[in-house]
Amino acid sequence: MEISSSGQTEDHLQAYYATTFQCMSEGVVIFDANLNVLNANPAFLKMFRISDFDKLKACWEEFKNHLEFFDLNGSSIPYDNWPFQKVFNNVSPVAEKYKVVRRDIGYVSYVSCNGYSNFDKHNELHFGVLCLQDITKDVNLEKELNDKLEESRQFEQVLTDSQNRLKGERELLQTLINSIPVMITIYDPGVKEIQLNKAVEDITGWTLPDTEKASIMSLAYPDPDYRQEVAEYMKSLEPGFKDIIMRTKDGRDIETSWANIMIPDGRQVGIGIDVSERIAAEKEIIAAKEKAENAANVQAAFLQNVSHEVRTPMNSILGFTGLLQKSIKSIPEKDYLDAIKYNGNQLLRLIDDIVDLSRMDNNELMLEKKAVFLSKVIYDSKQQFEGLKLSMNKQQLEFRENIPEGKTGIGLNADVDRIQQVITNLVSNAVKYTEEGYIELGYEVLRDKKQVMFYLKDTGQGIPENDQHKVFKRFEQFNGDKTRHYGGTGLGLAICKNLVKLWGGEIWFESEPSKGTTFYFTHPYDEQEQVVMSDDSEEEDVKSDAPDLAGKTILVAEDDFYSYMMMHSILMETKAEVLHAEDGEAAVDLFSENHTDFVFLDIRLPKLDGYEVLKIIRQTKRSIPVIALTAHAMSSDKEKSRKAGFDYHATKPVSMDDLYKLLNRFLREDREKEKSN
């Protein structure tokens, strides 16, 4: 293009500049020395939602009053530091970033500002230029990225916390397992890894590092043929215990006895005890009695020993846990104590289940029949439900009871403990597999069949049809996630079936997946033997608070120091004087030298056992309560205590509430005797 004169050149340049000004993507505003707007391009008008330049020029002051500037952290910027003012003061901004809010329309944008100040020869502002680039998308993208990074950090923290919590739970369980004087092995065939508790090392000498060099099977059973025999027994998962000879690290052969359980995740758990001393003693007894004892009696003695050896330390573990629960209310310490108590009770239940199954197999389990009031059975089951609901965190579940109209006084001649054992197993499973809804317990009298039919209904997940044939089989469980979370061995329903069969009843169920399950079982019922409950025939509840025994003396004969420590801590709440005897002879001496009001006797005392001490006490003709405090839990042991003359047989572990109830019961009986006299 040819330019003919300087005037035309200037006109053309102005046209070029005007076109460039109008087409720029950055917003540009030009103002004079009085901060009055001289010009603004379309990009500036669009950036601040202004329809045309004339409107901006007419309302420039009002427009500025609606603006507010912030830094990118959200802090408000004073007016003197606004980019307009900086250009006016010849402090031109360079790539400064702001959050701009137009309050009148609620519009928010983010801009990057550059400014220019033009001064004349008198150093007076001629005009100022402010250039703004819209960086809203960039800022929002950066915020979104930061939010994602924060979410990732929080997820990593949750994952770390979960891993730490899982590690803590494993350490707690390992500590609990290591405190039990029974050998426990856990073998994972998937990774060919074995875990040993401390009792294995204490009894055999073999340690975990030893098993990394050679398998525990080759170490403990060096003879290949015998090793094969032991391996076949372990794979068979045969119920009950089997005596096995183990080679120790120092080369000795010791007698042990083992039971094996396969848990749902595929790992195999072995429970064993050193029975060398017992075996030796049994051999002497068999020789003295011309081998009159049979294998069943040997196994019964062994099972009693297992129960005793587990219950004695558990008496201390659960007793001290109960004492700590009374004083510690903070979280997570309270949760730790709840975990110890729950897992300790689970271990006791496992031992009891194994003992019950073995006695059933040997036809040694006997029923102890007495009057059973069905309304009391329902009441006790409700209390157990409330406890299970708390321990499994199922507070949303409702318990319903259905007692036939006019049948509240119905009674049976039955073994109340075994009926309650069946119901407890059913209630426990129902709570475990029910997330919402209710659990209903009730009964019906079937006169034509001379039976009472109990039922337990839940609104849980139900049992899949292809699994229903396995319900009453041993070691069978369903829903592995629930089992791993709440525990269980798969023995409960097998025991229920055996118990119901023992008293001449039947047990069955109906189930529909996703809707729930109803279990039924029957018990013989003869109206001629019916027990009619009168208004005053039910024993009123005994308080579980610590009784006031100030001025009274309690003698505790206990050779296990920690069991005595637990008893002493509980009894100190009664304000009584507590005397301690470590053996039978000391117990007789302390009884003779002191006016004793209550006596707690362990059966397995050194020098004189509990039965011998009781005999001497009874010879004094003093009528005081003498309580057998023992880890022997079988019904035959309770009957032996009763016949020997004990006033009560307390099975370890004894809880604080049970101990206080027992003392309150004897105090109430004494008051009633005084009234009658």
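The values are calculated or read from the model by the stated rules, or taken from the named source; none is laboratory data. Please read all numbers here as calculations on a predicted model, not as lab measurements. Positions of Cβ are generated from backbone atoms using ideal geometry, with glycine treated the same way; all protein chains shown enter the neighbour counts. The area values use the complete protein model at the heavy-atom level, side chains included, leaving out ligands, DNA and RNA. Shrake-Rupley method; radii C 1.70, N 1.55, O 1.52, S 1.80 Å.
Of all the helices (runs of 4 or more DSSP H) wholly in the range 603-677, which have at least 3 residues that are within 38 Å of the chain's Cα centre (by Cα) and of a type outside the set (V, I, T)?
Values: elements: 610-619, 635-644, 656-676.
Output list reads 635-644, 656-676.
For the range 93-107, does any single residue satisfy the condition of being modelled with pLDDT under 90 and closer than 20 Å to N34 by Cα?
Yes.
Report yes if some residue within the range 175-190 is modelled with pLDDT of 85 or more, touching a Gly at 6+ places or on another chain (Cβ under 8 Å), open to solvent by less than 90 Å² (accessible area, probe 1.4 Å) and assigned to a loop (DSSP other than H, G, I, E, B); otherwise report no.
Yes; the residues of the range 175-190 include at least one that is modelled with pLDDT of 85 or more, touching a Gly at 6+ places or on another chain (Cβ under 8 Å), open to solvent by less than 90 Å² (accessible area, probe 1.4 Å) and assigned to a loop (DSSP other than H, G, I, E, B).
Which residue, of N294, N315, N305, is open to solvent by 70 Å² or more (accessible area, probe 1.4 Å), of a type outside the set (V, I, T) and at pLDDT below 75? Before you say what the answer is, go through the steps one by one.
Numbers: N315 fails: open to solvent by 70 Å² or more (accessible area, probe 1.4 Å); N305 fails: open to solvent by 70 Å² or more (accessible area, probe 1.4 Å).
Selected residue: N294, the only one of N294, N315, N305 that is open to solvent by 70 Å² or more (accessible area, probe 1.4 Å), of a type outside the set (V, I, T) and at pLDDT below 75.
Would you pick out the residues in the range 36-58 that are under 28 Å from D120 (Cβ atoms) and open to solvent by less than 20 Å² (accessible area, probe 1.4 Å)?
V37, A40, N41, F44, L56
Name the residues in the range 484-514 that are at pLDDT 90 or above, crowded, with 20+ Cβ neighbours inside 10 Å and part of a loop (DSSP other than H, G, I, E, B), would you?
G505 - this is the single residue of the range 484-514 that is at pLDDT 90 or above, crowded, with 20+ Cβ neighbours inside 10 Å and part of a loop (DSSP other than H, G, I, E, B).
Suppose we keep only residues that are of a type in the set (K, R) and more than 14 Å from F44 (Cβ to Cβ) within the range 93-139. Which one would you say is surrounded by the fewest Cβ atoms within 10 Å (Cβ to Cβ)? I'd like the intermediate steps shown before the answer.
Taking the range 93-139 first, the residues of a type in the set (K, R) are 97, 99, 102-103, 121, 137.
Remaining after also requiring more than 14 Å from F44 (Cβ to Cβ): 97, 99, 103, 121, 137.
Working: K97: 15, K99: 20, R103: 11, K121: 6, K137: 9.
Only one residue fits best here, namely K121.
Tell me the strands (runs of 3 or more DSSP E) entirely within the range 391-473 that contain at least 3 residues that are aliphatic (A, V, I, L, M) and either at pLDDT 90 or above or open to solvent by 30 Å² or more (accessible area, probe 1.4 Å) (or both). Explain how you work it out, then say what you get.
Details: elements: 398-402, 411-414, 438-446, 451-458.
Per the criteria, 438-446, 451-458.
For the range 640-652, give me each residue that is open to solvent by 30 Å² or more (accessible area, probe 1.4 Å) and in contact (Cβ under 8 Å) with a residue 40 or more places away in the chain.
Selection gives T651 alone.
Anything in the range 593-602 that is open to solvent by 20 Å² or more (accessible area, probe 1.4 Å) and assigned to a loop (DSSP other than H, G, I, E, B)? List them, or say none. Talk me through it step by step, then tell me what you get.
Here is the first cut: in the range 593-602, the residues open to solvent by 20 Å² or more (accessible area, probe 1.4 Å) are 593-595, 597.
Of everything in the range 593-602, those that are open to solvent by 20 Å² or more (accessible area, probe 1.4 Å) and assigned to a loop (DSSP other than H, G, I, E, B) turn out to be N594, H595, D597.
What number of residues within the range 140-161 satisfy the criterion of being open to solvent by 100 Å² or more (accessible area, probe 1.4 Å) and among the β-branched types (V, I, T)?
Here is the first cut: in the range 140-161, the residues open to solvent by 100 Å² or more (accessible area, probe 1.4 Å) are 141-145, 148-149, 151, 153, 155-156.
When the remaining residues are screened for being among the β-branched types (V, I, T), the result is none.
Selection size over the range 140-161: 0.
Could you tell me whether Y379 is hydroxyl-bearing (S, T, Y), at pLDDT 65 or above and exposed (fewer than 15 other Cβ atoms within 10 Å of the Cβ)?
Values: hydroxyl-bearing (S, T, Y): yes; at pLDDT 65 or above: yes; exposed (fewer than 15 other Cβ atoms within 10 Å of the Cβ): yes.
Judged against the criteria, Y379 is a match.
Per-residue answers, yes or no, for (1) more than 19 Å from N81 (Cβ to Cβ); (2) under 53 Å from the mean Cα position of the chain (by Cα):
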site	(1), (2)
Y116	no, no
N123	yes, no
E142	yes, yes
L149	yes, yes
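Being under 18 Å from L659 (Cβ atoms), modelled with pLDDT under 90 and not in a helix (DSSP H, G or I), is that true of even one residue in the range 572-587?
no
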